[in-house]
Amino acid sequence: MQIPKEISQTTGKLENAGFEAYIVGGCVRDIFMNKEPKDWDITTNANPDQITSLFKHSHYDNNFGTVRVINDKTENEKLKVIEVTTYRLDANYSDSRRPDSVIFSQNLEDDLKRRDFTINALALKVSHETTNVLYETVVDLFGGIKDLNNGIIKTVGKADERFDEDALRILRAIRLSSELGFIINTETERSIKKMAQKIGLIAKERIRDEFIKIIMSDRPMFGIEMMNRLNLLKYTIPEIEEGLGIKQNQAHSYDVWEHSLRAVQVASNKKWPLEIRLAALFHDIGKPRTRRWSEEKEDWTFYGHEVIGSQMTEKILRNLKFPTKTTEKTVLLARWHMFFTDTDQITLSAVRRMLRNVGTENIWDLMNVRIADRVGTGRPKEDPYRLRKYKSMIEEVIRDPISVKMLKIDGNKIMDVSQETAGPKIGYILNALLEEALNDPKKNTESYLKKRALKLSKLDNETLQGLGEKGKEKMGVEEEREKKILRGKYGVK
Ligand code: ATP
Ligand code: MG
C-alpha cells in the first residue's frame, strides 16, 4: 500500500510552510489493513485561510473548517479533491446530532480526541522521501493499532458520553463492524444498547446512508442481527423484527426472520446491487401480517404477503428517504417475487405477462431475487432446471422474432421501386426476400433488396406466392433453430 504522491505533496507543502500535517481517519485505518482507502483526509494546524493561501486551486465553503484542495492533473478520481481540515475541538453537543459550534485548535491531540473510534483516531506523518518508506510517525493515542490488530471497535473515551454527543456513532459502529468484520468492545456494546433510542434523533438521511453501507457490506446478515441484538431495529426498521419466530410452512426450515437475513446475505455474497439486496431482505416482510392457519392444508398460509409486503417495503424506504428510483425498483421486485416456474404448467404467455408486470429492464434482477430467496431457504442448488427453463423462456419472449421486420426494406420502399400498389403481392415479395436473406444474411442490404424487389415484381402472382410460401417455411425452421440454441444455452429442453 503506497501513499499517493498527491497526498505527500499536499502535506509537504503545508510542512514546508511551517505547519503540521497528517493523514487521518478512515484512510489510515485502511492503510494498516492493506485496503485501498475510499477517500483521503488531511488534518493540519493551519487555519482555513492559511490553507487556502497555500493552494491556488482550493475552496473553503463551509463552516466546518474543511478546505477542498483541487488536483486537476491527477487521473485518480479519489485524489481530484483532497479534504484538508484544521485541527478542531468539537464543542457542546446539545442535541445528540451536531456540535453547536466548531472550535479550531493547535493540537493534534484535540482533533484525535473528538473522533469516534480508536481505529479511526490514528494519524500518520507522511514521508516525503522518494524511498519506499511509507510514513515517518504514527500517532496512536488511544490504542488504535492494537484494536485494529485484534479486530475491535471501541469508542475514544467513555462510550456513553460519545454516543450521547452524537448518536450517529452508534450506527457507524455497526456499519464498521459489518464492513470490517470486527467485533464491538463490551463496554461500547453495552452503551449502544443503553443509548439505542437516541438514534430516533438522527436525520433519516444519515440513518439511510449507514444502513445502505451495512447492506452493501460483505456481512449484512451479521449487521442486521447485531442491530436486533442491540435494540436498534426497533428505532430504525421495526418491521424486520416482526419475522422473528414466525414459523413458515413445511417447505421452510427457517423462520421468516432468518430466511430474510439469509436471503440478503446470499445477495451480498453474489455482490449484487442494492435493490436486489433490499428486495431479498424485504420480499417476505408481509408474511407475519398475512399468516393464517389452514385446517385443510394443516399448514400455515401467507396469501397476499407479496402485496402487503411490497406496501410495507415502500413505506420503510420512503420513511428512510431512499431515492424514488431505488424505492420503486425494490418495491417492484418484492411485489413480483412470487411466480410459478413449474415447467409443466408455465406457458409463454404467462412469461409475457410477467415481463409486462416487472418490465424487461428488471426481469433479470427479479431472477436473482428468486435465487437469493431460494438459497436463503436452505436449498443449495441455486439454478435448478425449472429456473433455467424459465430464463430461456424469458429470452425467447424478449428477443425479436424472425420476421420481415428484419429486412432492410419495407413494403413502402418496395412500392416505390416497383410502382406496385398496396396489395397481397407486396407481402409475397417481402416473404420471398426474407427467404433469401435468411439463406445468406449478407444479402440483407437496402441496395440489394431494392434490386431484387424490382425483379420479383415482374413475376406473376402465382409464382410469387410460391416463393413467399417458401419464405414462410424457412422462417419457421429458423425460429425452431434459434429456440434450440436458446434452450441449449440454459441446458434445458
Ligand atoms: P469510510 O471508509 O466509509 O470513508 P471513514 O471512517 O473514513 O469510513 P468518514 O465518514 O469518511 O468515515 O469519516 C472520516 C473520519 O472522521 C472517521 O474515520 C472518524 O475519524 C471521523 N468521524 C466521522 N464521523 C464521525 C462522527 N460522527 N463522530 C466522530 N468522528 C467521526
Ligand atoms: Mg473516509
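Shown here for region 53-86: trypsin sites (Lys or Arg not before Pro) in loop regions (DSSP other than H, G, I, E, B) with at most 14 other Cβ atoms within 10 Å, namely K56, K73. Where only DSSP H runs of four or more residues are counted, the chain gives -15500 deg cm²/dmol as its mean residue ellipticity at 222 nm, each run worth -39500 (n - 2.57). Close amide H contacts of G286 (hydrogens built in the peptide plane, cut-off under 5 Å, sequence separation of 5 or more or a different chain): G309.
The trypsin sites (Lys or Arg not before Pro) of region 213-259 that DSSP puts in a loop, and whose beta carbon has at most 15 other beta carbons within 10 Å, are K247.
Full extension of the chain between L201 and K247 yields a length gain of 13.2 nm, computed as 0.36 nm times the residue separation minus the alpha carbon distance. A cut-off of 5 Å between modelled amide H atoms, ignoring neighbours fewer than 5 places along the same chain, links V81 with N71.
The charge dipole of region 433-493, taken about its Cα centre with unit charges on the Cβ atoms of Lys, Arg (+1), Asp and Glu (-1) only, comes to about 320 debye.
Between the amide H of R88 and those of S105, D111, distances stay under 5 Å, these residues lying 5 or more places away or on another chain, with hydrogens modeled in the peptide plane. Each residue of region 263-277 was assigned a 3J(HN,Hα) from its phi angle through the Karplus curve 6.51 cos²θ - 1.76 cosθ + 1.60 (θ = phi - 60°); the sequence is 5, 5, 5, 4, 4, 6, 4, 7, 6, 6, x, 3, 4, 5, 5 Hz, with glycine and proline shown as x. Can you tell me how the chain classifies by the Cα gyration tensor, rounded, prolate or oblate, using a/c under 1.5 as the rounded cut? Oblate, because a/c is 1.5 or more while a/b does not exceed b/c. Couplings 3J(HN,Hα) for region 65-82, derived from phi with the Karplus relation 6.51 cos²θ - 1.76 cosθ + 1.60 (θ = phi - 60°), are x, 9, 10, 9, 9, 9, 10, 6, 6, 6, 7, 6, 3, 5, 10, 5, 10, 10 Hz, where x marks Gly and Pro. Seen against the Cα atoms of the chain and their longest principal axis, helix 186-195 is set at about 70 degrees. Relative to the longest principal axis of the Cα atoms of the chain, helix 204-216 runs at roughly 70 degrees. Per-residue 3J(HN,Hα) values for region 143-157, derived from phi via the Karplus relation 6.51 cos²θ - 1.76 cosθ + 1.60 with θ = phi - 60°, read x, x, 5, 4, 5, 4, 5, 8, x, 10, 9, 9, 5, 7, x Hz in sequence order (x marks Gly and Pro). A straight Cα-to-Cα reach below 18 Å connects K198 with the aspartates and glutamates D95, D100, D116, D160, E161, D164, E165, D166, E187, E189, D209, E210, residues fewer than 8 places away in its own chain not being considered. Angle check, please: helix 348-358 long axis (alpha carbons) against the longest principal axis of the chain (alpha carbons), in degrees 0 to 90, nearest 10. Long axis of 348-358 versus the principal axis of the chain: about 40 degrees. For chymotrypsin sites (Phe, Trp or Tyr not before Pro), no site in region 408-493 is both called loop by DSSP and has at most 15 other Cβ atoms within 10 Å.
Laboratory data are not the source of any read-out in this text; all were calculated from the coordinates shown. As the structure is a computational prediction, the values presented were derived from the model and not from experiment. Please note: Cβ atoms are built from the backbone with ideal geometry, for glycine as well, and neighbour counts cover all protein chains shown.
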